[in-house]
Amino acid sequence: MPNQVHLIAFLFGAAAVVTEPAVAATVLVTGANRGIGLEYVKQYAAKGYDVIATARKPSEATELNALAAANAKIKVEALEVTDLAAVDALAAKYKGTAIDVLVNNAGTTGFPEKQRFGSIDYASFDDVMRTNVRGPLKITEAFIDHVAASPTKKVVVVTSSEGSISDVKTNRQPFYRASKSAVNMTMKNVAYGVKDKGVVIVLINPGPVDTDMMKAARGRMPLRTTELAVRELIAVTDKATIETTGTFWNFDGTVYPW
Ligand SMILES: NC(=O)c1ccc[n+]([C@@H]2O[C@H](COP(=O)([O-])OP(=O)(O)OC[C@H]3O[C@@H](n4cnc5c(N)ncnc54)[C@H](OP(=O)(O)O)[C@@H]3O)[C@@H](O)[C@H]2O)c1
C-alpha cells in the first residue's frame, strides 16, 4: 500500500493540502474486464496505483477501456491466461517494471452440464484446470522477478471456498472445485519456493459475490457486492506477511480450512 503524504501547496498565497501517493506502486490484475477483476482495477486505481489490467478481449472491454481513458495510470493489456507464450510476452514487455501486487483473478467454473459424472466432458475439465491452476502458476512464474523487485512483493490468488475439501458434502461443479483445491496446493508449494525472495503468496476466498459467475445464484442466496468483496480482499492482502505466506484466507481475514 503506498503511504500517503500531505504536500503543502501554496496557491495564490493560500496553503492547500494535496494528497498524493508517496510511493509509486504497481498492481497487475488478470481477468480485469468484468466482475471482481474490474472492481480491483477501480479500487487500486483510486489508491493511486499504476494498474496493468489484462483482459482476453480488450476490444470488448468497454467499461475497463473507459476507466483507462479517464486515468493514464491504467494500462489495458491483452492476456489469455492459458496461453503460455502470451504470458511470457507480457512479462518481457514489462521487464524492469516492479509489480507490487500480482492478482491472479481470472477464473472459470466451466459448464455444469459438462461436469456430470457418467457424461464428463474431458476437454472442458482440461480447460478449467488450464485456466484456474496452470494460469496462476505460469503467471506467477513469469512475473516473479517483477514482484520480487517491488517493495511490497505480493502474489494474490483469488481462489474459492469451493476448493476446500473439508467443506464438500455434495457433488457440485467438480472441475471447478478440483481446480481451486489444485491451485491452493500448487501455490502453497510456490510459497515455499519463493520465500527466500521475500515474496508473499496470498490465497483468498472472496465469498459469494454478485458477478456473472454467480448469476444463477441471484435471488437464491445472499451475494455480496464486488465493491465490498474487493475492499475485503485488499485488506486481507495488506495484512499478509512473509510469516503467513501460503495461507488460505477467508475474505474476513480468518483462516479457511483446507
Ligand atoms: N463471484 C464469486 O462468488 C466467486 C466466489 C469464489 C471465487 N471466485 C473467483 O473470483 C475470480 C473472479 O470471478 P468473478 O466472479 O469476477 O467471475 P466473472 O464475472 O465470471 O469474471 C471472470 C473473469 O475471468 C476472465 N477469464 C476467464 N477465463 C479466462 C482466460 N482463460 N484467460 C483470461 N481471462 C479469463 C473472464 O474474461 P472474459 O470476460 O473474457 O470471459 C473475466 O474477466 C475467479 O477466479 C473466481 O473463481 C468468485
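Rule-based calculations on the coordinates, nothing more; no lab input. In this text, all values refer to a predicted model and were calculated from it rather than measured experimentally. Note that each Cβ is placed from the backbone with ideal geometry, even for glycine, and that neighbours are counted across all protein chains shown.
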For Lys215, indicate whether it is within 23 Å of Lys114 (Cα to Cα) and within 11 Å of the ligand (Cβ to nearest atom). yes
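I'm trying to understand the selection: among the residues of segment 40-55, which are surrounded by 17 or more Cβ atoms within 10 Å (Cβ to Cβ) and of a type in the set (A, V, I, L, M)?
Looking only at segment 40-55, we keep the residues that are surrounded by 17 or more Cβ atoms within 10 Å (Cβ to Cβ), and these are 40-45, 48-55.
Once the filter is applied, which keeps residues that are surrounded by 17 or more Cβ atoms within 10 Å (Cβ to Cβ) and of a type in the set (A, V, I, L, M), segment 40-55 yields Val41, Ala45, Val51, Ile52, Ala53, Ala55.
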Any idea how many residues of segment 237-258 are more than 13 Å from the ligand (Cβ to nearest atom), without any contact (Cβ under 8 Å) to a residue 60 or more places away in the chain and under 17 Å from Pro136 (Cβ atoms)? 3
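Looking for something of a type in the set (A, V, I, L, M), away from the ligand (no atom under 12 Å from the Cβ), on the phi < 0 side of the Ramachandran plot and surrounded by fewer than 16 Cβ atoms within 10 Å (Cβ to Cβ) - is there at least one such residue anywhere in segment 56-68? Talk me through it step by step, then tell me what you get.
Of the residues in segment 56-68, the ones of a type in the set (A, V, I, L, M) are 61, 64, 66-68.
Next, from what is left, pick out any that are away from the ligand (no atom under 12 Å from the Cβ): 66-68.
Now drop any that are not on the phi < 0 side of the Ramachandran plot, which leaves 66-68.
So of that shortlist, the ones also surrounded by fewer than 16 Cβ atoms within 10 Å (Cβ to Cβ) come out as 66.
Yes, segment 56-68 has at least one match.
Which residue, of Ala66, Ala78, Ala45, Ala53, is more than 26 Å from Asn205 (Cα to Cα), without any contact (Cβ under 8 Å) to a residue 60 or more places away in the chain and of a type in the set (A, V, I, L, M)?
Just a single option satisfies the conditions, and that option is Ala66.
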Looking at segment 190-221, which of its residues are touching a residue at least 40 places away in the same chain (Cβ under 8 Å) and part of a helix (DSSP H, G or I)? Val190, Ala191, Tyr192, Val194, Lys195, Lys197, Asp212, Met213
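State whether one or more residues within segment 109-128 are outside any loop (DSSP other than H, G, I, E, B), within 13 Å of the ligand (Cβ to nearest atom) and charged (D, E, K, R).
Step one: of segment 109-128, the residues outside any loop (DSSP other than H, G, I, E, B) are 112-115, 122-128.
Still in the list and also within 13 Å of the ligand (Cβ to nearest atom): 124, 126-128.
Next, only the ones that are charged (D, E, K, R) stay: 126-127.
Yes, segment 109-128 contains a residue that is outside any loop (DSSP other than H, G, I, E, B), within 13 Å of the ligand (Cβ to nearest atom) and charged (D, E, K, R).
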